[in-house]
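The values are calculated or read from the model by the stated rules, or taken from the named source; none is laboratory data. Note that the coordinates shown come from a computational prediction; the quantities given were computed from them, not determined experimentally. Positions of Cβ are generated from backbone atoms using ideal geometry, with glycine treated the same way; all protein chains shown enter the neighbour counts. Accessible surface areas use protein heavy atoms only, side chains included; no ligands, DNA or RNA. Shrake-Rupley method; radii C 1.70, N 1.55, O 1.52, S 1.80 Å.
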Amino acid sequence: MQIEIPVIAIDGPSASGKGTVAALVAARLGWNYLDSGSLYRIVALAASRGGVALDAETELAALAQRLPARFRQGQVLLDGDDVTDAIRSEACSAGASRVAALEGVRTALLELQRAYRQVPGLVAEGRDMGSVVFPDAALKVFLTASVESRAQRRYKQLIEKGLPVTLDDLLQDLRERDARDAGRAVAPLQQCADALLLDTTAMTIDQAVGRIVMWAGERFAV
Ligand code: C5P
């Protein structure tokens, strides 16, 4: 008999806090964690380092297929080089959303993402976790917040890191990325019919984590 490994799929727009929330849910449950956006970010970074254009679908898909990336204790390594911070830059965010619109790249990353489904369970976050990668996930959450509060949160993070950003630029960038992620032909960002909506505009991280852990308790023996 094959054991069904449970999955919690958390999808939502950029800067909604789903990365932080998903990682904390995984830690609370003792489950594995997949940050699928980091894979698209790594492809974008590897492309720019290797001189591959961000619309060269065949070359990008080949790059994604043999991505020399590793994850180690919260660090992301590309060809052995620590790129944890580099993949979070605004340039990489924009690049990721461009390469993510290409079907060849998405297909190349599919098996890699599914390989994260290991016992005792997986918390996976991204844009298409519930719709494409893990359609059989027993708990699907669509985690969102207003674009203004998402821009505010991102602004605070970047200013704390000493990066020169303006709120207006971040707002515009988020709106553009939302439109690109939701409007693309392949795997657009969408709330699945069977996903529970979690609007965190007026919630703390702890409250959001607590809500998902509660839903998990209702569905799984955790
Ligand atoms: O989640 P994060 O902001 O790190 O994702 C970076 C980009 O990767 C997103 O803007 C989105 O275009 C893309 N992405 C995706 N599907 C996923 C995760 C991320 O298309 N499952």
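Scanning the range 27-50 for residues that are within 14 Å of the ligand (Cβ to nearest atom), open to solvent by 30 Å² or more (accessible area, probe 1.4 Å) and charged (D, E, K, R) yields one hit, D35.
V119 meets all of the listed conditions (1) within 16 Å of the ligand (Cβ to nearest atom); (2) out of contact with any Ser or Thr (no Cβ under 8 Å at 6 or more places or on another chain); (3) modelled with pLDDT of 95 or more but one, namely (1).
The residue list V165, V123, V186 contains one member that is among the aliphatic types (A, V, I, L, M) and more than 25 Å from G104 (Cα to Cα), which is V165. Among the residues of the range 164-197, those that are open to solvent by less than 30 Å² (accessible area, probe 1.4 Å), of a type outside the set (A, V, I, L, M) and either in a strand (DSSP E or B) or out of contact with any strand residue (DSSP E or B) (no Cβ under 8 Å at 6 or more places or on another chain) (or both) comprise R177, D181, R184. For the range 151-163, check the following and say yes or no: at least one residue is touching a Pro at 6+ places or on another chain (Cβ under 8 Å), within 15 Å of the ligand (Cβ to nearest atom) and assigned to a helix (DSSP H, G or I). Within the range 151-163, none of the residues are touching a Pro at 6+ places or on another chain (Cβ under 8 Å), within 15 Å of the ligand (Cβ to nearest atom) and assigned to a helix (DSSP H, G or I). I'd like the full set of residues that are within 13 Å of the ligand (Cβ to nearest atom), assigned to a helix (DSSP H, G or I) and open to solvent by 20 Å² or more (accessible area, probe 1.4 Å), limited to the range 131-148. Of everything in the range 131-148, those that are within 13 Å of the ligand (Cβ to nearest atom), assigned to a helix (DSSP H, G or I) and open to solvent by 20 Å² or more (accessible area, probe 1.4 Å) turn out to be S131, V132. For S16, the conditions (1) open to solvent by less than 10 Å² (accessible area, probe 1.4 Å); (2) touching a Lys or Arg at 6+ places or on another chain (Cβ under 8 Å); (3) assigned to a helix (DSSP H, G or I) are fulfilled apart from (3). Inside the range 97-153, can you point out the residues that are more than 27 Å from A47 (Cβ to Cβ), polar (S, T, N, Q) and in contact (Cβ under 8 Å) with a residue 60 or more places away in the chain? Once the filter is applied, which keeps residues that are more than 27 Å from A47 (Cβ to Cβ), polar (S, T, N, Q) and in contact (Cβ under 8 Å) with a residue 60 or more places away in the chain, the range 97-153 yields Q118, T144.
Quick check on my filter: what residues within the range 201-217 are part of a helix (DSSP H, G or I) and either farther than 14 Å from W31 by Cα or in contact (Cβ under 8 Å) with a residue 12 or more places away in the chain (or both)? Even if it seems obvious, please write down each step before you answer.
First, pick out the residues of the range 201-217 that are part of a helix (DSSP H, G or I): 205-217.
I205, D206, Q207, A208, V209, G210, R211, I212, V213, M214, W215, A216, listed by residue number.
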